[in-house]
Amino acid sequence: MELQYDVAIVGSGITGAIIARWLTERGHSVVLLEAGTPDGNSRAGFRQLTETFYQETAKVPSSPFRAQQSRDWPVYDSGVEAPTVLRDMAARPLGDEAQANAYYLQRGAEHPFASTYLRIAGGTTMHWMGTCLRMLPADFEMRSRYGVGVNWPFGYNELEPFYRLAEWEIGVSAERSEQVASGAPYPADYEYPMHKIPDSWLDQYLAKRLDGFSVAIDGQSYPIGVTNTPAGRNSHPHIGAKDPRFYAPPGNYRPVGDPDRPDQFGERCVGNSSCVPICPANAKYTALKTLRFALASDRGSASLLTRRIVTRINLDPAGKEVESLDYFDYSVVPAIKGRVRAKVYVLATNAIENAKLLLASGRSREEGVANSSGLVGRNLMDHPTLLTWALLRDPIGAFRGPGSTAGVTGMRDGEFRSKFSSARIEIGNWGWSWPKITPDTTVIDLVGADDKPTVFGQQLRQQVNFQSQREVTLAFEMDQLPDENNRIYVEEGVIEARHSEFRPIIDFSLDEYCRRGMANASKVASAIYDRVGATEKTEHNPEGRFGRKAGYFRHEDSETGELEFHGAGHLAGTHRMGNDPKSSVVDADQRSWDHANLYIAGCGSMPTMGTANPTLTGAALAFRTAQSIDRDLLAGKPVTP
Amino acid sequence: MENRESEDLFVSFLRLSEVLTGFSRPELLATGVAGEHWMLLKGCLGPRFLRELLKSSGDALTDTANVEEAEAGITRWLAERDDYGIVAKRITKLWYLGTWFAIPSNSDALAAEAIHNKEHIPSSAAYREGLVWKAMGSHPRGAKPTGFASWTTAPDVLGSRQEE
Amino acid sequence: MNLRLEQHRANIISRLTTAMQIEHATIPPYLCAMYSMVEGYNVAAWETIRTVAIEEMLHMVLVANLRNAMEHDASFDLTSPGFVPEYPAYLPESDQSFTVVLAPFSEKALDIFVQIERPGDLHTPTGESDGYVSIGEFYNRLKEDLKAIVAEHGDDAVFCGDPARQINAAWYFNGGGEIVAVTDQSSALRAIRVIVNQGEGFNHNLYSGDHEEFQEVQDLAHYYKFREIQAGRRYLPADATCGNLDGARGPSGETFTVDYSAKAVRHAVFNYNPADLDAPVQEMLLGFSQLYWQLLGACEEAFNGGGAAPLKKAHELMYVTKYKAEEIMNQPLDYHSDSRTGPLFLHPDVLRQKLGKASDG
């Protein structure tokens, strides 16, 4: 069977959804091929994800989705379990290729690539925190300002109007008046669609104690403060703020609730305290909210085809343009193969899967599609995250509200970036749940092992309260420079056999720039805890913890000589954009240099990482790309002969 | 007759749970999962052991006039038999976390066919009603939300609001 | 002072005071049904009743906006004994054709819900008194009075209230409709239209009118929402046949599960003597009353010009009150049956008296 559309988009995450909505509102026909299930896209399906989360003993970011990995795979062919309904592609110990549930492989590198990702309609936004910081102007010009990394093909000012579109599409809650302090300029008449998600009591507590505080690096003083974090989470609308999107209805911004029951659930955050992995109220943005509008549009048409894994990009005989996409369709039993044709193709999966599909589609595995630069799959970046934690002197009401409502600011930019990584510091409202899996471990430790004495009754109740009320975590998300040796690739024969899909193979390690930055961060953490009167409890464990493999290394600049880092799930860099086809994979519109009707979209296009969580920037790039595709289609080019 | 005994045992289970958790009987019943926890325990423990456990803990709590005396009684009771401690710890964790932790397979306490004796959360309600969240002065993650902006105010710690 | 105007105004204010009581009186029965529903069961029914309860709260705000638009320095009283009826009770000033009781989610409860929301033209007057037949009829009388007073005295004279007292629209969400700020006849009639159409339906249709009024997703009027639960089946647009308002043909869309068993519903009882309960459960009951009256107090403060702070407080108290009510409903009345303790919506002073306790003022 062959299907034909104006535009075929691979992936229904935020990038695919934004492009699909923009183009359908412009009258085009769009198909989204989603490898995962549409589970979150109905009220009942979404509730089931929440139920699964309740019943998973380890409430990790993939917990709502995990059951489907093990139990609920539909049988598609003579009793064999189907491929990814949706998969927690957990990082596995180095070299352990036999793990039944492992998906991507790691070998050769010093450090584990510690991030996971999801395969489901709505993509990673199904379990993101919703952090919507803009990148700083300096983040776009690392080479010219600090002599490291590379420059982007454009500066902050050129992307700024697209940030506005992205903020309104996501529905970001923040105050422009507070965010300008970051150094990123905003137009004078601009306002976010909703008021900020108010600062937690912990944020206020820290802000008061950090007032006037600064840290010195190389004789330069960096003021440390607390600033509210823009969030893709519903708050009260800003009355009178103007919507920059052409398809916006008149009047004030209307918060978008549950995609299935928009006027009944999720129009405000009500403090479920589980943004990651799932907002039961649906007050947090997911790409399904954007998709709902695309699918309902009466100007153009959008189709969402789920359980379709795109396995190959087919080029025309001359190798100039994309001719079709092959996919594996397990929405039917037994699974079948299908092909889709369109005028324009968009890869919108994520930095790993986009690169994997390109490399898997080449005549040889080294060559790949869209890879004349040889850079596809290279420069893989994350935000390696240093977790630090401490016990505060006073009860501050941890474990209430969104996972984070503010950050400690001051380390995102400065002259030190010529020597080591900058960091964004996230204040965790959920105690030590990330580093220590509290409160579970608090109770387990107090109650004690079978051969140990037990704490019970009034003592137990009081000690749980005392401990939990005082926990604080500061997570340092480190800028990581592009490094060609950090990469994803494929190899002949290394496949997920159930559906003939290549497995990504990942090599990853931290360079000295990032290691030194992390060592510096550990000292900044200690100084902050000292200042606010907290007792630091951070430990660095070479084995990782709770079965999660963490990166571990020693560094003389750190307080204790050793450091441990975690993945942030911020995948970027593998199809970098630039002005020169020799040193980049896509141009400033995310169009492949090699194939005029192919766009490779998402955070994989980011040449450098900066310290902002990348989704908002990816969303801004998606709007830019959507406009470019719209121009292509209106101009009647490029059309496959 | 059997019903009557079962009811008495349930009441003894609640009494033991009160002392182990530090939560009163109405607070335990308020969770709505007391019956569910009791059924799980009955499924995992041998009937004879369960009767002995509740009989002996009941004896240890007889004539205790206040919480301190009751806790002292239970401390002595825990020293009587290793198995009591092993089970008591699992009862406490079940109430607090909503998670059942498996009793070691070599324990005499185990029922002959304890099919649910593995680490698991028996129901969504067991998780949501975990006492740990109440002890913390918080609410279960992903359930029982507290309302927009409720996180902006000082915590209500043991009845007294903090001044800032 | 224009005596005729002020007399006319006082008459309308008095009706609005009754309206506030009527709107509130519907809420505890809806809440009791919701509190009784065990999470994970009857999800569709629970979500439906929730939207109705939330929209009744919207109606309280709309009534407050109407009154504040017509009266300077209005003084709302939601907390004195008497504002909340002692259930079982008639709806205030109704024709007394049916009694509103507190009950767990059940066929009996749904029968009452349907009576509360029944459109006027589906009613056969059977009541003893000359009160209104339906809530819609009550508002239609109010609407005529309003038109008359404006026709005689003009918008400016009638709508003399402080615009700053109109309730902040930001704090209404997760329900159909929006808070309408009332400043003149047209906005006043719009507020009334929202109340009536959400309850009884719009333009002799199954739907609430929020679609037309606020460009929202089309949603049923309350009456038809409850009919759906009774039938365990959704309406289809085609079921809205003209001249067949009661849906004699009934909902013919997809079915959903409705389960009244003890597994799915806490079988709460409300006609017990609270003094017979164990002391700690008595304390819980009292705690619930105090929370509920704090909630009413926060609404009262907001209506009396208190700004956003009491709205935030009321919002948080709605959650706390719910959890307290569920804890009470989990208390068995005895160990031999499924009967559970119902939270009584009694004023704290009244409850203390029944418990034989001294009032602590």
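The values are calculated or read from the model by the stated rules, or taken from the named source; none is laboratory data. Quick caveat: nothing in here was measured; it's all calculated off a predicted structure. Cβ: placed from backbone, ideal geometry, glycine included. Neighbour counts: every protein chain shown. Surface areas here come from the heavy atoms of the whole protein model, side chains and all, with no ligands, DNA or RNA. Shrake-Rupley method; radii C 1.70, N 1.55, O 1.52, S 1.80 Å.
Okay, here's what the table says:
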{"item": "Size of electric dipole in segment B:1-142: Cβ of Lys, Arg +1 and of Asp, Glu -1, about Cα centre, debye, nearest 20", "result": "500 debye"}
{"item": "Whether segment B:1-138 is rounded, prolate or oblate, judged on the alpha carbon gyration tensor where a/c under 1.5 counts as rounded", "result": "rounded"}
{"item": "Only Lys, Arg (+1) and Asp, Glu (-1) charged, at Cβ; the protein assembly as shown dipole about Cα centre in debye", "result": "1840 debye"}
{"item": "Protection proxy ranking, peptides B:138-145, A:614-621, average beta carbon neighbours within 10 Å, highest first", "result": "A:614-621, B:138-145"}
{"item": "Binned Cα-Cα distances of chain A, short to long, each 10 Å bin given as a whole percent", "result": "3, 17, 28, 28, 17, 6, 1, 0"}
{"item": "Beta bridges by DSSP in the protein assembly as shown, antiparallel share as percent, to the nearest 5", "result": "70 percent"}
{"item": "Average beta carbon contacts from partner chains per residue of C:258-270, 10 Å cutoff", "result": "0"}
{"item": "Dipole of segment B:7-90, positive direction: furthest Cα of B:L20, B:F10, B:A65, with charges on the beta-carbon", "result": "B:F10"}
{"item": "For segment A:425-437, 3J(HN,Hα) per residue [Karplus equation, 6.51 cos²θ - 1.76 cosθ + 1.60, θ = phi - 60°, Hz, x = Gly/Pro]", "result": "10, 9, 8, x, 7, 9, x, 9, 4, 6, x, 10, 6"}
{"item": "Solvent-accessible heavy-atom area per residue, rounded to whole Å², over segment A:515-618 at 1.4 Å", "result": "32 Å²"}
{"item": "Heavy-atom accessible area, 1.4 Å probe, ligands and nucleic acids excluded: residues of segment A:434-482 down by at least 50 Å² from chain alone", "result": "A:P439, A:V443, A:I444, A:V447, A:D450, A:F456, A:Q458, A:R461, A:N465, A:Q469"}
{"item": "10 Å Cβ neighbours from other chains, averaged over peptide A:400-410", "result": "2"}
{"item": "For peptides C:33-40, A:425-432, A:204-211, sequence by mean Cβ density within 10 Å, most packed first", "result": "A:425-432, C:33-40, A:204-211"}
{"item": "Positive-end residue, the protein assembly as shown charge dipole about Cα centroid, Cβ charges, pick of B:T146, B:S124, C:Y132", "result": "B:S124"}
{"item": "Phi to ³J(HN,Hα) by Karplus 6.51 cos²θ - 1.76 cosθ + 1.60 over segment A:17-32, Hz, x for Gly, Pro", "result": "5, 5, 5, 4, 5, 4, 6, 5, 5, 8, x, 8, 9, 10, 10, 10"}
{"item": "For A:R312, residues with placed amide H under 5 Å, excluding near neighbours", "result": "A:D326"}
{"item": "Accessible area buried, both sides summed, chains B and C with 1.4 Å probe, Å²", "result": "1500 Å²"}
{"item": "Residues with amide H under 5 Å from that of A:A342, placed H, sequence gap 5 or more", "result": "A:Y5"}
{"item": "Shielding score for A:54-63, defined as the mean number of other chain Cβ atoms within 10 Å", "result": "4"}
{"item": "Cα-centre dipole for segment A:471-573 with unit charges at Cβ (Lys and Arg positive, Asp and Glu negative), debye to 20", "result": "300 debye"}
{"item": "Tensor-based shape of segment A:178-250 (alpha-carbon gyration tensor, a/c under 1.5 rounded, otherwise prolate or oblate)", "result": "oblate"}
{"item": "Dipole-positive endmost among A:P439, A:V455, A:Q469 within segment A:431-476 (Cβ charges, Cα centre)", "result": "A:Q469"}
{"item": "Share antiparallel - DSSP beta bridges, chain C, percent rounded to 5", "result": "55 percent"}
{"item": "For segment A:347-498: relative contact order, % (alpha-carbon pairs under 8 angstrom, 6 or more apart)", "result": "36 percent"}
{"item": "Which listed pairs, of B:K93/C:K324; A:K196/C:K324; A:K196/A:K436; A:K343/A:K582; A:K436/A:K537; C:K263/C:K322, have C-alpha distances above 22 Å, in listed order", "result": "B:K93/C:K324; A:K196/C:K324; A:K196/A:K436; A:K343/A:K582"}
{"item": "Cβ-based net charge around A:L210, under 14 Å, with every Lys or Arg adding one and every Asp or Glu removing one", "result": "-1"}
{"item": "Whole-number accessible area per residue in Å² for segment B:1-119, which is evaluated in the context of all protein chains at 1.4 Å", "result": "46 Å²"}
{"item": "Where Rh is the Kirkwood radius over Cα pairs, Rg/Rh for segment B:82-127", "result": "0.97"}
{"item": "Net charge of Cβ neighbours under 14 Å - reference C:H72; Lys, Arg +1; Asp, Glu -1", "result": "-2"}
{"item": "For segment B:41-47, Karplus couplings with θ = phi - 60° (6.51, -1.76, 1.60), whole Hz, Gly/Pro x", "result": "4, 5, x, 9, 9, x, x"}
{"item": "By average C-beta atoms within 10 angstrom, highest first, the peptides C:17-30, A:564-577", "result": "A:564-577, C:17-30"}
{"item": "Segment A:126-166: C-alpha pair distances exceeding 13 Å, %", "result": "59 percent"}
{"item": "Shape of chain C, Cα gyration tensor, a/c cut at 1.5", "result": "oblate"}
{"item": "Amide H partners (placed H, <5 Å) of C:D219, local residues excluded", "result": "C:S208, C:G209, C:D210, C:H211"}
{"item": "Between C and A, accessible area buried - total, square angstrom, nearest 100, 1.4 angstrom probe", "result": "1500 Å²"}
{"item": "Relative contact order computed over chain A (Cα-Cα under 8 Å; 6+ residues apart), in percent", "result": "20 percent"}
{"item": "Kirkwood estimate for the protein assembly as shown, i.e. one over the average of 1/r between Cα atoms, Å", "result": "32.1 Å"}
{"item": "Accessible area that becomes buried as B packs against A, both chains, 1.4 Å probe, Å², nearest 100", "result": "4700 Å²"}
{"item": "Expected 222 nm ellipticity per residue - DSSP helices of 4 or more, -39500 (n - 2.57), all of chain C, to 500", "result": "-16000 deg cm²/dmol"}
{"item": "Descending semi-axes in whole angstrom, ellipsoid equivalent of segment A:350-451, from the Cα gyration tensor", "result": "41, 22, 12"}
{"item": "Of all accessible heavy-atom area on the protein assembly as shown, the percent that carbon and sulfur account for (1.4 Å)", "result": "49 percent"}
{"item": "Accessible solvent surface per residue of segment A:102-210, calculated while the other protein chains remain in place, 1.4 angstrom probe, Å²", "result": "29 Å²"}
